[in-house]
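Novice: Handing you this structure, nothing more for now.
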Amino acid sequence: MGTLTIRNLDEDLKQRLRERAASHGVSMEQEARSLLLKAPARDRDENVVTAEEILEFGRRLPRVDFDQKKLTDDLWSFIEED
């Protein structure tokens, strides 16, 4: 395993890392490792939308009553026309 030393870390950033680690019940070092492991995946999957993001989007939409059977029948009618 390698070792990484970060010099001149901003005190505010260090404090936020400390608080985040405490909220997860881990050391600052473990929290930093966890964040560093997630960063490359986030870069690689920049355009990928997570299921949680899709659900959150749906939760923000206004509720609308609709007839699912009619909607499905209309869709099938449209498909069968071709």
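The values are calculated or read from the model by the stated rules, or taken from the named source; none is laboratory data. Everything quoted here is computed from the prediction, not taken from an experiment. Here the Cβ positions follow ideal geometry from the backbone for every residue, glycine too, while neighbour counts run over all protein chains shown.
Novice: With respect to ARG42, determine if the residue is at pLDDT below 90 and more than 20 Å from the chain's Cα centre (by Cα).
Specialist: no
Novice: Further question on the same structure: Can we say THR72 is of a type in the set (Ser, Thr, Tyr), at pLDDT 90 or above and surrounded by 10 or more Cβ atoms within 10 Å (Cβ to Cβ)?
Specialist: Judged against the criteria, THR72 is a match.
Novice: Out of SER23, SER77, SER27, report the one residue that is within 22 Å of the chain's Cα centre (by Cα), modelled with pLDDT of 90 or more and of a type in the set (S, T, N, Q).
Specialist: SER23
Novice: Is at least one residue of segment 50-61 surrounded by fewer than 10 Cβ atoms within 10 Å (Cβ to Cβ) and of a type in the set (Phe, Trp, Tyr)?
Specialist: There is no residue in segment 50-61 that is surrounded by fewer than 10 Cβ atoms within 10 Å (Cβ to Cβ) and of a type in the set (Phe, Trp, Tyr).
Novice: Still on this structure, I have one more. Can you say whether ASP67 is at negative phi, loosely packed, with under 10 Cβ neighbours inside 10 Å and under 28 Å from the mean Cα position of the chain (by Cα), as far as the supplied structure shows?
Specialist: So ASP67 fails the test.
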